[in-house]
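A short write-up of the structure that comes next.
Just so it is clear, none of the values below were taken in a lab; they were calculated from the coordinates. Quick caveat: nothing in here was measured; it's all calculated off a predicted structure. Glycine gets a Cβ as well: all are built from the backbone with ideal geometry, and neighbour counts include every protein chain shown.
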Amino acid sequence: TAKRNGRQRSVFYEAGLGEAAPEQPDPAAELAAALDRGELTVAYQPLVDLRTGSPTGAEALVRWQHPTEGNRPPDTFIPLAEETGLIMEIGEFVLRDACRQAARWVGSADDSVPLMVTVNLSARQVTDPRTVDAVRAALTETDLDPHRLVLEITETVLMQDREAAATNLGKLKALGVRIAIDDFGTGYSSLAYLSRFPLDMLKVPREFVDGLGRDANADIVTRAIVELAGALGLLTVAEGVETDEQRRHVAELGCDLAQGYLFSRPVDAETVLALMTGLDVAAPPADLAGGAPP
Ligand code: C2E
Ligand code: MG
Ligand code: MG
Ligand code: MG
């Protein structure tokens, strides 16, 4: 961190701000320290099977509980972690926690529930070969059935560095994990990748779900995604379901799974465990929720 501070300071001198400039916080060093101090945690947003209405897993979402400023949403620090490379360490932490929690859910749920945990991978993680080792280690340590781990990637990542992405995804698939495209249809993409990469799931973005019943185009696009997924043998997950009308809509269109504030905000792993075992769940603390309230 001394090196980081040094580099930061020299930038200020070059910019002509001089020695009178106050000490600037170094966001990268701050994030690294937060990880060391255990300020990063993982929240889980339940996934619901639209046919049965039962919880069938959860998406892992990283959280930064800042000691004085409270919850800092991932959008404010994931891009920085990407730039600095710290995302590799953060990603490893999230993967391990997710696999550990999922193994516990599997242990307490009914055998018939096809439980899964989904974990977001950022661009750097998809192209860095060390991610394959991190995933393998997390699975081995926790003894989780690889099929229950779903890695979420965005289509833009697939298009940016196709060679590295294809190589790593092939190795990840060989471990037995599943791959989902997050926010499908919102990035820079080519439909050709759908057949070129070994995919298992498409996630219908909140912006499409939000338009259902109000915007004819949202209906058409969502229907097309679900049909495409069906034809390719991929599962579909509707994201950001906030109303019962949206739930009915995505169920009618044939989505398999859904997640959103209607069912649950992101909560702690214990609350998900309680949901899996059918216990009554008290309202989760608001600071685990991501984004703005609906
Ligand atoms: P995402 O993967 O698309 O995650 C869905 C986001 O939508 C989450 O925000 C979630 O809290 C929010 N959400 C879920 N249901 C609803 C709803 O009904 N209404 C509304 N308005 N929002 C809903 P969050 O947790 O702030 O995460 C934002 C993004 O940060 C994620 O988008 C993902 O791209 C990234 N991210 C989160 N955790 C990780 C992580 O561990 N690793 C990496 N690489 N990225 C992460
Ligand atoms: Mg996601
Ligand atoms: Mg998403
Ligand atoms: Mg996203």
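Structure data summary
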read-out	value
Between 0 and 90°, nearest 10: helix 27-36 axis offset from the chain longest Cα axis	70 degrees
Charge context of Val126, other residues only, Cβ under 12 angstrom, K/R +1, D/E -1	-3
Residues with amide H under 5 Å from that of Asp183, placed H, sequence gap 5 or more	Lys203
Degrees, to the nearest 10: 162-175 long Cα axis against longest axis of the chain	60 degrees
Largest-first ellipsoid semi-axes for the chain, taking √(5λ) over the Cα gyration tensor eigenvalues, angstrom	33, 22, 21
Longest site-free stretch - the chain; sites: GluC sites (Glu not before Pro), DSSP loop, at most 11 other Cβ within 10 Å	70-294
C-alpha long axis of helix 244-253 to longest principal axis of the chain, angle in °	70 degrees
Helical mean residue ellipticity (222 nm; -39500 (n - 2.57) per DSSP H run of 4+; nearest 500) of the chain	-13500 deg cm²/dmol
Segment 188-271: chymotrypsin sites (Phe, Trp or Tyr not before Pro) in DSSP loop, at most 15 other beta carbons within 10 Å	Tyr188
Paramagnetic label zone (point 7 Å from Cα along Cα-to-C-beta, Ala166; backbone N under 16 Å) in segment 184-225	190-199
Sorted by Cβ density within 10 Å, fewest first, the residues Trp64, Trp105	Trp64, Trp105
